[in-house]
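Notes follow the structure.
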Amino acid sequence: MTQQEKTSQVSGFYKLSIKKRIEFVKQFAGLNQEETKLFASALDEATADRMIENVLGTFELPLGIAVNFKINGKEYLIPMATEESSVVAAASNAAKIARLHGGFTTESTEPLMIGQMQLLNAPDVVQAAEEILSNKDKLLGLANAQDKILVNLGGGAKDLEVRILDSPLGKMIVTHLIVDVRDAMGANAVNTMCEALAPLIEELTGGKIRLKILSNLADKRLVRARAVFDKEKLGGDKVVDAFLQSYTLAVIDPYRAATHNKGIMNGIDSLIIATGNDFRAIEAGAHCYAARDGCYTSLTKYYKDKNGDLVGEIELPMAVGIVGGASSMHPKAKLSKRILGIKSAQELGEIVAALGLAQNFAAVYALSTVGIQKGHMSLHAKNIAVMAGATGNLIDKVADQLVKENKIKLDRAKELVAQFT
């Protein structure tokens, strides 16, 4: 498959056998035979034992591919590791609709992470804050001495910020060390720098440093994605209006916003896991960012453009890496990065944002029209069939009948298994 022929737009990808799906991905991503074999392999115990402590074995999740994605004019197949039915299909369908207006456009800020140093018991907090800022160059120099490789790559400590906070313990100072972590997530580099600066800050201020750790509210490392969804493809003006009415509840009500944003994370987490990144950190940063103005709200924004088409946008922190950690150790994480064809952590972050927007659009679109259960439960019927004891071709036969009857229940599935066998 040449660069000109490469496209992620596939009709009926879900109808192909697993073997044929793998062959398509192999051709798209230029995988070799050894890489292709990884789809069927598990994480080996020796690698797992180096990743965490007290290892007994491994725990597998299904790894699927979202198709149809065009982001900034480039074609992507997106690996998604998830246990939830309908997520991959929904993202693929949203991407297909977005292609009608060129797909997704994205942008991101520099990969700046924040390290926090908590200073207690300073004799004079105002003077202490001034001392820290007046010695900024010295402190940045000491921080950068901890990671010459990062500095040589164009990253490293770039700035300091000082905040004076009231607390039940009295006033405390929190110093933010701003670090450009390049293509890493950055936790280890930032934490090392903060620990190195602590003694000097104590000496300068006469206070005591307690916490020295990275913040997962990476609000200086933002990604944004945007797409236009054609009103005629959606079903016309009334459907667009219904979509916007449904979306508005997530803007004004945290009870709805929590579920709305969870739908975003259905897509985001699946790609974060597939690439060996820290989905807990991404979750924490995203939800905190959703409450940055004092009220928890939607991470996405939707509105009509001048043609009446639906425009969707998303902005959130995105502390992802393509070097270090599980991203560089887990064979399938490395394989997922190969499939994506990414060259930087910023590119990965922008793909993640586009996927999150696609996932959210698909969920709200379903809720605004046929309801979330129609597509979700159709796929869930297969799980129910398996739970009822169906195997092989019987799984689809039982699932199809459950959907036809609109009775996707375990007791009915067991009756059908008995009936068909």
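The values are calculated or read from the model by the stated rules, or taken from the named source; none is laboratory data. These figures come from a predicted structure and were not determined experimentally. Glycine gets a Cβ as well: all are built from the backbone with ideal geometry, and neighbour counts include every protein chain shown.
Considering region 223-252, and only residues there that are of a type in the set (D, E, K, R) and exposed (fewer than 15 other Cβ atoms within 10 Å of the Cβ), the residue that is farthest from Val311 (Cα to Cα) turns out to be Lys238. Please state which one of Gly155, Gly141, Gly102 is outside the structural domain of Asp309 (by TED's automatic domain parsing), within 19 Å of Val223 (Cβ to Cβ) and not hydroxyl-bearing (Ser, Thr, Tyr). Among Gly155, Gly141, Gly102, only Gly155 is outside the structural domain of Asp309 (by TED's automatic domain parsing), within 19 Å of Val223 (Cβ to Cβ) and not hydroxyl-bearing (Ser, Thr, Tyr).
Hey, any hits in region 326-340 for a residue that's among the small types (Gly, Ala, Ser) and either without any contact (Cβ under 8 Å) to a residue 24 or more places away in the chain or on the phi > 0 side of the Ramachandran plot (or both)? Checked region 326-340: no residue is among the small types (Gly, Ala, Ser) and either without any contact (Cβ under 8 Å) to a residue 24 or more places away in the chain or on the phi > 0 side of the Ramachandran plot (or both). For region 86-93, state whether one or more residues are buried (at least 19 other Cβ atoms within 10 Å of the Cβ), in contact with a strand residue (DSSP E or B) (Cβ under 8 Å, 6 or more places away or on another chain) and outside the structural domain of Gly324 (by TED's automatic domain parsing). No. Which ones in region 190-204 are under 21 Å from Glu110 (Cβ atoms) and free of Cβ contacts under 8 Å to residues at least 60 places away in the same chain? Listed by number, the list holds a single entry, Thr192. Can you work out which of the residues in region 207-216 that are of a type in the set (A, V, I, L, M, F, W, C) and surrounded by fewer than 19 Cβ atoms within 10 Å (Cβ to Cβ) is farthest from Ile114 (Cα to Cα)? Among those that are of a type in the set (A, V, I, L, M, F, W, C) and surrounded by fewer than 19 Cβ atoms within 10 Å (Cβ to Cβ), it is Leu211. Select from region 119-171 the residues that are of a type in the set (Lys, Arg) and more than 14 Å from Ala198 (Cα to Cα) and list them in ascending order. If the condition is that a residue be of a type in the set (Lys, Arg) and more than 14 Å from Ala198 (Cα to Cα), then Lys148, Lys158, Arg163, Lys171 are the ones that fit. For Gly312, indicate whether it is among the small types (Gly, Ala, Ser), crowded, with 21+ Cβ neighbours inside 10 Å, more than 24 Å from Glu83 (Cα to Cα) and touching a Leu at 6+ places or on another chain (Cβ under 7 Å). Criteria met by Gly312.
Being hydroxyl-bearing (Ser, Thr, Tyr), more than 17 Å from the chain's Cα centre (by Cα) and at pLDDT 95 or above holds for only one residue in Tyr289, Tyr296, and it is Tyr296.
Let's see how each residue does on (1) surrounded by 22 or more Cβ atoms within 10 Å (Cβ to Cβ); (2) more than 20 Å from Val228 (Cβ to Cβ); (3) touching a residue at least 60 places away in the same chain (Cβ under 8 Å):
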residue: Pro254; (1), (2), (3): no, yes, no
residue: Ala274; (1), (2), (3): yes, yes, yes
residue: Thr297; (1), (2), (3): no, yes, no
residue: Lys301; (1), (2), (3): no, no, no
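Give region 404-421 a look and list any residue that's surrounded by fewer than 17 Cβ atoms within 10 Å (Cβ to Cβ) and either in contact with a strand residue (DSSP E or B) (Cβ under 8 Å, 6 or more places away or on another chain) or assigned to a helix (DSSP H, G or I) (or both), or say none. Matches in region 404-421: Lys404, Glu405, Leu410, Asp411, Arg412, Glu415, Ala418, Gln419, Phe420. Output the residues belonging to region 315-330 that are crowded, with 17+ Cβ neighbours inside 10 Å and more than 18 Å from Met265 (Cβ to Cβ). Once the filter is applied, which keeps residues that are crowded, with 17+ Cβ neighbours inside 10 Å and more than 18 Å from Met265 (Cβ to Cβ), region 315-330 yields Gly321, Ile322, Gly324, Gly325, Ala326, Ser327, His330. If you go through region 126-166 and keep only what is in contact with an Asp or Glu (Cβ under 9 Å, 6 or more places away or on another chain) and either assigned to a strand (DSSP E or B) or aromatic (Phe, Trp, Tyr) (or both), you end up with Gly156, Ala157, Lys158, Val162.
Criterion applied to Glu84, Glu45, Glu34, Glu23 was being over 25 Å from Gly325 (Cβ atoms) and either among the acidic types (Asp, Glu) or in contact with a Leu (Cβ under 7 Å, 6 or more places away or on another chain) (or both), and the one residue passing it is Glu23.
Residue-wise test of (1) out of contact with any Ser or Thr (no Cβ under 6 Å at 6 or more places or on another chain); (2) within 26 Å of Ala48 (Cα to Cα).
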| residue | (1), (2) |
| --- | --- |
| Ala291 | yes, no |
| Gly294 | yes, no |
| Asn307 | yes, no |
| Ile314 | no, no |
| Gly324 | yes, yes |
| Leu335 | yes, yes |
| Ser344 | yes, yes |
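Of the residues making up region 75-86, at least one is within 21 Å of the chain's Cα centre (by Cα), farther than 14 Å from Phe13 by Cβ, modelled with pLDDT under 95 and of a type outside the set (D, E, K, R). A count restricted to region 175-206 and to residues that are outside any helix (DSSP H, G or I), buried (at least 21 other Cβ atoms within 10 Å of the Cβ) and of a type in the set (Gly, Ala, Ser) stands at 2. I'd like to know if region 191-208 contains one or more residues that are in contact with a Gly (Cβ under 9 Å, 6 or more places away or on another chain), within 30 Å of Leu355 (Cβ to Cβ), at pLDDT 95 or above and in the same structural domain as Leu119 (by TED's automatic domain parsing). Yes, the conditions are met somewhere in region 191-208.
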